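The values are calculated or read from the model by the stated rules, or taken from the named source; none is laboratory data. Note that the coordinates shown come from a computational prediction; the quantities given were computed from them, not determined experimentally. Because the Cβ atoms are built from the backbone with ideal geometry, glycine has one as well, and the counts that use them run over all protein chains shown. We work out accessible area using only protein heavy atoms, side chains counted, and drop any ligands, DNA or RNA first. Shrake-Rupley method; radii C 1.70, N 1.55, O 1.52, S 1.80 Å.
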Amino acid sequence: MKQYEAVIETLKQLGGCATLGQLNQEVFKIKDCEWRTKTPFASIRRIVQQSKEIYKIKPGLWGLVSYKKELEDNGYIVETEKNKNSKEMNAFNHSYYQGILLEFGKIKGLNTFVPNQDKNKLYLQKKLGEISTVHTIPNYSYEYLVKRSSTIDVIWFNQRNMPHSFFEIEHSTDIQNSLLKYNDLQDFYVRMVIVADKRREDEFNNKLRYSSFADLYKNKRVQFLAYDKLAKQYETALELKSMNFVL
């Protein structure tokens, strides 16, 4: 079996779509294909980008053209100017990037939390609550501060049950609401990140300069992470994890 055939077969086995990270993990289980290359992950990336049988659904998410109708019926829709602000697209983006962040946190050896209202939402074929490792937010501080953080889209916790990173995913909602939340939590030694389409970075920078967020801006407490950059970092982390030895 040729390499591109192995990638297509893996996509079929995964229901017609998969993240590049999933492909990197699953494609080598096909015994009939040999990967005689020092850079197999680069080969997989090239195949999904160049094959006419595969199309891009989201940054890091690829689908089979032959499964496109079925995938669209299940909510896996390519974003366009016409649908980018729709309720369906917002919901899909939100749970998709939450799922990536949950899996990314586990790769880094951190505990991961998703709010109660999001636990039944789907990341590909799994519920977000099944991917997160912490199902009740730790009582890491005063009750009102813990409660304030309990609706953050994704939290990474260290082994001492202290927050390591806060992530708010902003597809079409007002970034200012997340900045207000971060402003209330700025006294914690924690990374604060807004995850959104790269087209919203100027909006993020403008709102961060509001006088209400002077401390956040001056101390560089909040960072912007574009969807495509998140997907790329996640894929790189998976590749490194698969290596026997990393310098």
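Yes or no, residue by residue, for (1) of a type in the set (A, V, I, L, M); (2) surrounded by 13 or more Cβ atoms within 10 Å (Cβ to Cβ):
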| position | (1), (2) |
| --- | --- |
| 202 | no, no |
| 206 | no, no |
| 214 | yes, no |
| 222 | yes, yes |
| 228 | no, yes |
| 234 | no, yes |
| 237 | yes, yes |
Of all residues making up the range 52-110, the number that are open to solvent by less than 40 Å² (accessible area, probe 1.4 Å) and either among the basic types (Lys, Arg) or at positive phi (or both): 3
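Looking only at residues that are assigned to a loop (DSSP other than H, G, I, E, B) and hydrophobic (A, V, I, L, M, F, W, C) in the range 105-144, which one is farthest from residue 71 (Cα to Cα)?
Taking the range 105-144 and keeping what is assigned to a loop (DSSP other than H, G, I, E, B), we get 108-110, 114-115, 119-121, 124-125, 132-133, 135-142.
The next check asks that each one be hydrophobic (A, V, I, L, M, F, W, C); those that pass are 110, 114, 124, 137.
On the way: 110: 32, 114: 25, 124: 10, 137: 34 Å.
Checking each candidate, the answer is 137.
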Near pairs, Cβ below 7 angstrom, 6+ apart or cross-chain, from the range 225-244 (more than 28 Å from residue 205 (Cα to Cα)) to any residue that is loosely packed, with under 13 Cβ neighbours inside 10 Å: 240/246
